[in-house]
Amino acid sequence: FDDGNPANNDQGQGEFDPADRRKFSGGDLPGVTRRLDYIRGLGATAVWITPPVANQWWSQRSQYGGYHGYWATDFKAVDAHFGTLADYRALADGLHGRGMRLVQDVVVNHVGDWFGWPGTWNPADPSQGVELRRDGSGRTAPLQPPFDRNDVRKAADRQADIYHWTPQIRDFTDPAQEHTFALADLDDLNTENPVVRRALRDSYGYWIREVGVDAFRIDTAFYVPPQYFRDFLYADDPAAPGVLQVAREAGKPTFHVFGEGWGIDRPYEDVQARKIEGYARDGEGPLLPGMINFTLYGTLGDVFARGRPAAELGD
C-alpha cells in the first residue's frame, strides 16, 4: 500500500522486487500509519491488515514469496519487511487516536511450506518419501516452537504430533481432507492437539496485549473443524486463555472475531450458507461471533452484474 521505510525492503534473500508480483514490494506498517488521515477521509472506521507475522519469505518449491503474510514462520514476531513491534504499536495508537479500529488477519490452519510428498504418501508411515523443503534462508522448519518440530522422520517430532503429516487436499468435498490435509501444500497444523491449541492462543493473545488489536479475521476457517474455535475463543487456561478472555482483560469487551469460509450457492440453494452458519454456532451454542457472508456476495454479483433476477437476491 505504501512504502513507509525503504530500509526494511530487502532482507538479502532475493525476496524483494516491486516489478515481480511474486515478491515483496515495500509496503509496510509505517506506510499505513502515515496514511491514516487519508484512510479516514475515505470514510473508513477500521483498518484490516494482512497477517503482520514473520513469514516464509521464499518457497523454493513454488518459486513464490510469502509477502502476503499467510505462510507463518513465527506467529509472535513482526515480519522484518513490515517493520517492528514499535511500528505496529504506532499503527494501533494512530488508529485509536482517530477513533478507528485495528483488525489483524490471523491463521490457525497452517504455517508455510517446509515438507511434502513429491511421490506416494503412505498414511501408515508418512516418513516414507517425505521431502523437507528449504526456504530462502536454507531453513527447513518454522522458527517458533513447537511448530519447529516438523520432521516426521524424527521419533520425537512425530510423537509431538504438531502436524497432520498429510499431502495436499485433493477432494474438497471430503471433510476429512478439508480439515486435516494441506491446503495449497501448506503444512497443516494438528489443531486437535492441546499443545498446538495452547501455542496458537498464546500467540494471538500476544497481539491483543502488546499491540492493542481490536479484532481478528480468521483466514481459511473452513479448513479446521468448527469446534476448534470454541477452544480458541473461550478456553479457561490461566497460562494461555481464550482470546476473548484476553481481550476482556485488556479492556476490549467488544473485541470481534470473524471467519473466512469461501462458499457461493447456486440459486435457491443454501448448502454453502448453512456451512458458513455452522461456523457461527452448532448444537452446543456459539462458535465464531461472525463469518463473512460470501453467499450474499455471490448473489449480489449475479443480480447486479450478471443479469440474474432480483428474486434470487431476495431468497
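Observations on the structure shown:
- Residue-span extension gain [residue 227 to residue 172] - 0.36 nm each, minus C-alpha spacing: 17.9 nm
- Basic side chains Lys and Arg get +1 at the Cβ, acidic Asp and Glu get -1 at the Cβ, and with that the dipole of the range 17-84 about its Cα centre reaches some 120 debye.
- Förster-model FRET efficiency, 35 Å R0, residue 20 and residue 210, C-beta, rounded to 0.05: 0.60
- At 0.692 mPa s and 37 °C, Stokes diffusion of the range 192-315 via Kirkwood alpha-carbon radius, µm² per second: 207 µm²/s
- The shape of the range 180-249 can be summarised by an equivalent ellipsoid whose semi-axes, obtained from the alpha carbon gyration tensor, come to 22, 14, 11 Å from longest to shortest.
- Binned Cα-Cα distance frequencies in the range 71-174 - 10 Å width, integer %: 12, 35, 27, 16, 9, 1
- Listed residue (253, 184, 305) projecting farthest to the positive dipole end of the range 183-315, Cβ model: 253
- Reachable aspartates and glutamates, given that their alpha-carbon falls under 16 Å from the alpha-carbon of residue 154 and they are not under 8 places away in the same chain: 125, 131
- Counting Cα-Cα pairs of the range 1-136 in 10 Å increments starting at 0 gives whole-percent bin shares of 12, 36, 30, 14, 7, 2.
- Within the chain: Cβ-based charge dipole about Cα centre, in debye rounded to nearest 20 (Lys, Arg +1; Asp, Glu -1): 460 debye
- Each of 32, 7, 43 was scored by the projection of its Cα onto the charge dipole of the range 7-48, and the greatest displacement toward the positive side belongs to 43; charges sit on the C-beta of Lys, Arg, Asp and Glu.
- Heavy-atom accessible area ranking, 1.4 Å probe, most first, across 110, 179: 179, 110
- The range 182-227 - charge dipole about Cα centre, Lys and Arg +1 at Cβ, Asp and Glu -1, debye rounded to 20: 260 debye
- Put a dot 7 Å past the Cα of residue 303, heading toward its Cβ, do the same for residue 275, and the two dots end up 2.3 nm apart.
- Highest-MSF residue in the chain out of 190, 55, 293 [GNM, Cα springs under 10 Å]: 293
- Lysines whose Cα lies under 27 Å from that of residue 23, excluding same-chain neighbours fewer than 8 positions away: 76
- A Förster distance of 25 Å, applied to the separation of the beta-carbon atoms of residue 237 and residue 159, puts the FRET efficiency at 0.65.
- Of [x] 1.06; [y] 0.97; [z] 0.99, the label for Rg/Rh (Cα atoms, Kirkwood Rh) derived from the coordinates: [y]
- Treating r as the C-beta distance of residue 311 and residue 184 and R0 as 41 Å, the FRET efficiency rounds to 0.65.
- Counting 0.36 nm for each residue step from residue 260 to residue 61 and taking away their Cα separation leaves a gain of 69.0 nm.
The values are calculated or read from the model by the stated rules, or taken from the named source; none is laboratory data. These numbers come from a predicted model, not from an experiment. Because the Cβ atoms are built from the backbone with ideal geometry, glycine has one as well, and the counts that use them run over all protein chains shown. Heads up: the accessible areas ignore ligands, DNA and RNA and are worked out on the full protein's heavy atoms, side chains in. Shrake-Rupley method; radii C 1.70, N 1.55, O 1.52, S 1.80 Å.
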